[in-house]
Amino acid sequence: MTILTFLAARARQSPEHDVLTFAATAGQVLQFAEIDRVGRDAEGTLSGFQRPQIAGHIREIKDYLETPAAVLPNAIVVAFTSGVAIEELDGGICRVTIDLDKCAKGLVVDGQQRLTALNLSGRSDFQLFVSLLVCRDEAELRRQFVLINNTRPLPKSLIYELLPTVDGLPERMQSRAMAAQLTERLNFSQASSLKGQIYQHTNPSGILKDTSIQKVLMNSLSDGVMRLLVLEPNGPRKCFDLISEFFKAVQMVFPEDWWGHKPASSRLVHGAGIQAMGFVMETLATLDNARTWSEFAKGLAALEGRTAWTSGSWDFGNGDVRYWKAVNVTSGDVTLLTKHIEGIVRRDLRARRAGAVAAAEAQPELLQSADS
């Protein structure tokens, strides 16, 4: 039987949660808590929610903790869903009892590096503050992790990757959650043209920045073709198919600028290129009703020989000529690149339509057969 008992101060905060603070050594904390690091199984299903350890940062904390004057005033946060008994005592003090035979270990929601560093330091006598949070279930635990860490200096991409697994988020985060869900599907679905190509914490070998893909999706979901598409029956699947088919076309039209490159060697897989091409997708989907990769490829053909993804120079007009690599992920550069390549595609669409009308007028029987 493993039962741990601590005297704790109770904070009166949310009526739906118990929040307490007490002191414990790293050895004691690791008896009742664990660090559940984020990862995915073979099918791409997300598990855990903590970022991977950062060895350099942990080493710095460990070196500091090994000095006699070291202090850690900030508490780590551990969350439980069951197995914690709280007994009210006098003076606002509580007795916290954790029965590890009746519950799973708690999860470190914040402070994993401090806890790891203290454990490695060998300072068995060193106590740190523990803020204990009792949640009603694991879904609530994940939600609290996202909300607690969204204001802390955690990588935003990790927060965004967790969003699809969390309910009850603030409205400002819900649109991001839909984009994150589609990004996850693009990165891990066998049907995706971008499978395994998007950099995420659970896919560090990816090349494309997840935040760039999400910007394409968020723009489309808020003001583009996906805004209405997502409301249709099986809408999320249609949105997935649309962007997957588009980037399949990009890969087919520009294979030498896509495959084998990183953002430093090709502006096509760079954040600026991904975002600009997202607007090209909008143009072709809206004005040319493109939905399949072959339909998108027909529109993208207008850009062949007129880009500088990996070499040469961009001629943006009015004397603005730039080395291919001098286009960065700034709002100004993305806007400039977008106007340039989208303008080429729009002019080609107009020319093709004018040509089709002229051809039809030259052969009246085609118009008659079309009317019939």
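The values are calculated or read from the model by the stated rules, or taken from the named source; none is laboratory data. These numbers were taken from a predicted model, which means no experiment stands behind them. Backbone-built Cβ (ideal geometry, glycine too); neighbour counts: all protein chains shown. Protein only, heavy atoms only, side chains kept; ligands, DNA and RNA dropped before computing areas. Shrake-Rupley method; radii C 1.70, N 1.55, O 1.52, S 1.80 Å.
With respect to Ala359, is the statement that it is part of a helix (DSSP H, G or I) and over 32 Å from the mean Cα position of the chain (by Cα) true?
The answer is yes for Ala359.
Could you pull out the residue among Ala358, Ala362, Ala370, Ala351 that is hydrophobic (A, V, I, L, M, F, W, C), open to solvent by less than 90 Å² (accessible area, probe 1.4 Å) and either modelled with pLDDT of 95 or more or within 19 Å of Gly305 (Cβ to Cβ) (or both)?
So the residue among Ala358, Ala362, Ala370, Ala351 that is hydrophobic (A, V, I, L, M, F, W, C), open to solvent by less than 90 Å² (accessible area, probe 1.4 Å) and either modelled with pLDDT of 95 or more or within 19 Å of Gly305 (Cβ to Cβ) (or both) is Ala351.
Considering every residue within segment 92-113, establish whether at least one is touching a residue at least 60 places away in the same chain (Cβ under 8 Å), among the acidic types (Asp, Glu) and within 23 Å of His17 (Cα to Cα).
Checked against the condition, which is being touching a residue at least 60 places away in the same chain (Cβ under 8 Å), among the acidic types (Asp, Glu) and within 23 Å of His17 (Cα to Cα), segment 92-113 yields at least one hit.
Tell me which residues, restricted to segment 282-302, are surrounded by 15 or more Cβ atoms within 10 Å (Cβ to Cβ) and touching a helix residue (DSSP H, G or I) at 6+ places or on another chain (Cβ under 6 Å).
Thr283, Leu284, Asp288, Ala290, Trp293, Phe296, Ala297, Gly299, Leu300, Ala302
Evaluate the following for Asn219: is it closer than 24 Å to Gly273 by Cα, open to solvent by less than 10 Å² (accessible area, probe 1.4 Å) and modelled with pLDDT of 90 or more?
no
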